[in-house]
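Student: First the structure, which I've put down as structure tokens, then a few questions once you've had a look.
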Amino acid sequence: MKKTALKKIIIDRCLQRLEDNYKTAMSEVNETQQAANETGPPKDRYDPFRSQMLRRRNLFAEQCQTILNEIEIIKKINPEINHERVSFGSVVITTGQKLFFGVSLGKIEVNHETFFVASIQTPLFEAMKNKQVGDIFEINKNKFKILEIF
């Protein structure tokens, strides 16, 4: 499979996961708002159940906004760009694992291979930043060699 096609699939999987996360968080926002509304008008200024539901709704609303921000970040990645150094939007194959640097999403599966999607704000990225194919980097006292970047 061509590198650009693989990167496009990885980006699409990231977007799909983020959209699924958004739907879940939005569903929670709606459910907690409904629960708060069903309690009726506030009995007093310190109605604990209603306050708890509204705090919870606000928490999920913040998660929704964070997810929307991450979607925008992923959409900025151009799969056609072939990176020579580890940077934002790079797919990196090392002796230890396969990585994609965008936002933190954990593992994704593409063509029966596992890729770890990590943010550029992680110690892993900092250890690899601006490295090239053939370079060795160390993370958690383990050394890895970069085999491929695209």
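The values are calculated or read from the model by the stated rules, or taken from the named source; none is laboratory data. Keep in mind the model is a prediction, meaning the values are calculated, not measured. Ideal geometry is used to build each Cβ from the backbone, glycine not excepted, and the neighbour counts take in all protein chains shown.
Student: Name the one entry in GLN132, GLN63 that is more than 17 Å from ARG13 (Cα to Cα) and outside the structural domain of GLU31 (by TED's automatic domain parsing).
Tutor: From the options GLN132, GLN63, the qualifying one is GLN132.
Student: Does region 113-145 hold any residues that are crowded, with 17+ Cβ neighbours inside 10 Å, among the hydrophobic types (A, V, I, L, M, F, W, C) and either in contact with a helix residue (DSSP H, G or I) (Cβ under 7 Å, 6 or more places away or on another chain) or assigned to a loop (DSSP other than H, G, I, E, B) (or both), and which are they?
Tutor: Scanning region 113-145 gives PHE115, VAL117, ALA118, ILE120, PHE137.
Student: Follow-up. Restricting the first residue to region 128-148 and requiring it to be in contact (Cβ under 8 Å) with a residue 40 or more places away in the chain and over 18 Å from HIS83 (Cα atoms), which pairs with a second residue that is surrounded by 15 or more Cβ atoms within 10 Å (Cβ to Cβ) and not β-branched (Val, Ile, Thr) meet a Cβ separation below 9 Å and a spacing of at least six or different chains?
Tutor: Matching pairs, first to second residue: PHE144/MET128; PHE144/PHE137.
Student: Of all the residues that make up region 67-105, how many are free of Cβ contacts under 8 Å to residues at least 24 places away in the same chain, under 27 Å from THR32 (Cβ atoms) and in contact with a helix residue (DSSP H, G or I) (Cβ under 9 Å, 6 or more places away or on another chain)?
Tutor: So the count comes out to 1.
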